[in-house]
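So the structure is just underneath, and the comments pick up after that.
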Amino acid sequence: MGWYRAPEFGFDPRVCRGVHVGGCVAGRRWPRQSDWDVEAHAHNTDADPWSGWICVASERSLFTASRRPTRVMVHEYAHLLAPNSRHGAAWQEAITELGYPSEAEWHRPRPVRRASRRRAA
């Protein structure tokens, strides 16, 4: 449990107010069992009083072995750079500019495939 300042990650402090570790800075119960695959989230909506904060479940999601921000951290920072965008075009542009175009590609909408229906003979 604890928190970090934006410059420790190389993030702009005008965009990122801080990083909270071990739960949600807003006091919400997180991560829940239903969120087992969610390592982090960003508070990035205009209506959120905690806007600008990144919340991380565990310290292992913060830095690589070479003390660079992990992919998870850069992903969440991109959410702060593109508020109210989810994984839309603004977020995809931000994550690409941060050097992770494959992350943008992963979150692009996929065409819906419909199951083919065979007629009974």
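Within the stretch 7-40, the set of residues being modelled with pLDDT under 85 and assigned to a loop (DSSP other than H, G, I, E, B) comprises R28, R29, W30, P31, R32, W36, D37, V38. Of all the numbered requirements in (1) at pLDDT 90 or above; (2) in a helix (DSSP H, G or I); (3) open to solvent by 80 Å² or more (accessible area, probe 1.4 Å), R67 misses one, and that requirement is (2). Show the residue pairs that are 6+ apart or on different chains and have beta-carbon atoms under 6 Å apart, the first residue being within the stretch 8-24 and in contact (Cβ under 8 Å) with a residue 24 or more places away in the chain and over 13 Å from H43 (Cα atoms), the second being part of a strand (DSSP E or B) and open to solvent by 10 Å² or more (accessible area, probe 1.4 Å). Final answer for the pair search is F9/P69; V21/G2. For H43, the criteria (1) at pLDDT below 95; (2) under 11 Å from the mean Cα position of the chain (by Cα); (3) not aliphatic (A, V, I, L, M) hold in every case but one, which is (1). Using the structure shown, decide if R60 is open to solvent by 20 Å² or more (accessible area, probe 1.4 Å), in a loop (DSSP other than H, G, I, E, B) and either touching a Gly at 6+ places or on another chain (Cβ under 6 Å) or of a type in the set (D, E, K, R) (or both). Spelling it out, it is not the case that R60 is open to solvent by 20 Å² or more (accessible area, probe 1.4 Å), in a loop (DSSP other than H, G, I, E, B) and either touching a Gly at 6+ places or on another chain (Cβ under 6 Å) or of a type in the set (D, E, K, R) (or both). The one condition from (1) part of a strand (DSSP E or B); (2) at pLDDT below 95 that I54 does not meet is (2). Only residues that are more than 11 Å from the chain's Cα centre (by Cα) and assigned to a loop (DSSP other than H, G, I, E, B) were counted across the stretch 83-95, and they come to 4.
When E59, E76 are screened for being charged (D, E, K, R) and either farther than 23 Å from P101 by Cα or modelled with pLDDT under 95 (or both), only E59 passes.
The values are calculated or read from the model by the stated rules, or taken from the named source; none is laboratory data. Owing to the predicted nature of the structure, the values given are computational and were not obtained by experimental measurement. When we count neighbours, we look across all protein chains shown, and the Cβ atoms used for this are built from the backbone with ideal geometry, even at glycine. With ligands, DNA and RNA removed, areas are computed over all heavy atoms of the protein, side chains included. Shrake-Rupley method; radii C 1.70, N 1.55, O 1.52, S 1.80 Å.
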